[in-house]
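Trainee: Before I ask anything, let me first share the structure, which is written out below as structure tokens.
The values are calculated or read from the model by the stated rules, or taken from the named source; none is laboratory data. Only a predicted model underlies this, so the values are computations on that prediction, with no experimental measurement involved. Reconstructed Cβ throughout: ideal geometry from the backbone, glycine too, with neighbour counts over all protein chains shown.
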Amino acid sequence: MVNTALDRLAGLPLGTRMVVRYRIGDGLTDALGELSARDSHGCTISTRSGPVTIAYDDVHLAKAVPPPPPPRARRLQG
């Protein structure tokens, strides 16, 4: 069985905004941010809370995502 998530990770340029779902303990979690590094063992996603290094063996899903929406203007209470 071919892991298309790993194919995506290998094919996308560094700096691509993406989400990676990966195994952590007995469950799964997501890392959302920029693909900042990759080597033969895994990749690093730069998230808002800091870099997350993910081993390829733990990756379940990966895909590029659009940029975040611009911040909304604050509403003035009238």
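Trainee: Does residue 16 satisfy the condition of being out of contact with any Lys or Arg (no Cβ under 9 Å at 6 or more places or on another chain), surrounded by 14 or more Cβ atoms within 10 Å (Cβ to Cβ) and either within 23 Å of residue 67 (Cβ to Cβ) or in contact (Cβ under 8 Å) with a residue 12 or more places away in the chain (or both)?
Mentor: Working: out of contact with any Lys or Arg (no Cβ under 9 Å at 6 or more places or on another chain): yes; surrounded by 14 or more Cβ atoms within 10 Å (Cβ to Cβ): yes; either within 23 Å of residue 67 (Cβ to Cβ) or in contact (Cβ under 8 Å) with a residue 12 or more places away in the chain (or both): yes.
It is true that residue 16 is out of contact with any Lys or Arg (no Cβ under 9 Å at 6 or more places or on another chain), surrounded by 14 or more Cβ atoms within 10 Å (Cβ to Cβ) and either within 23 Å of residue 67 (Cβ to Cβ) or in contact (Cβ under 8 Å) with a residue 12 or more places away in the chain (or both).
Trainee: Same structure, new question: I'd like the full set of residues that are modelled with pLDDT of 95 or more, outside any strand (DSSP E or B) and touching a strand residue (DSSP E or B) at 6+ places or on another chain (Cβ under 7 Å), limited to segment 2-41.
Mentor: 14, 15, 16
Trainee: How many of the residues in segment 47-64 are touching a Leu at 6+ places or on another chain (Cβ under 8 Å) and in a strand (DSSP E or B)?
Mentor: Selection size over segment 47-64: 5.
Trainee: Still on this structure, please answer the following. I need a count of the residues in segment 34-52 that are surrounded by 14 or more Cβ atoms within 10 Å (Cβ to Cβ) and farther than 21 Å from residue 4 by Cβ. Step through it out loud before you land on a result.
Mentor: So in segment 34-52, the residues surrounded by 14 or more Cβ atoms within 10 Å (Cβ to Cβ) come out as 34-36, 38, 42-47, 52.
Cutting the leftovers down to farther than 21 Å from residue 4 by Cβ gives us 36, 46-47.
Qualifying residue count for the region: 3.
Trainee: Sort out which residues of segment 19-52 are closer than 17 Å to residue 67 by Cβ and polar (S, T, N, Q), and write them in order of number.
Mentor: The answer is 36, 46, 47.
Trainee: Condition first: surrounded by fewer than 16 Cβ atoms within 10 Å (Cβ to Cβ) and farther than 12 Å from residue 60 by Cβ. Now tell me which residues in segment 1-13 satisfy that. Full working, then the answer.
Mentor: Within segment 1-13, the first condition is being surrounded by fewer than 16 Cβ atoms within 10 Å (Cβ to Cβ), and the residues that meet it are 1-4, 6-7, 10-11, 13.
1, 2, 7, 10, 11, 13 - these are the residues of segment 1-13 that are surrounded by fewer than 16 Cβ atoms within 10 Å (Cβ to Cβ) and farther than 12 Å from residue 60 by Cβ.
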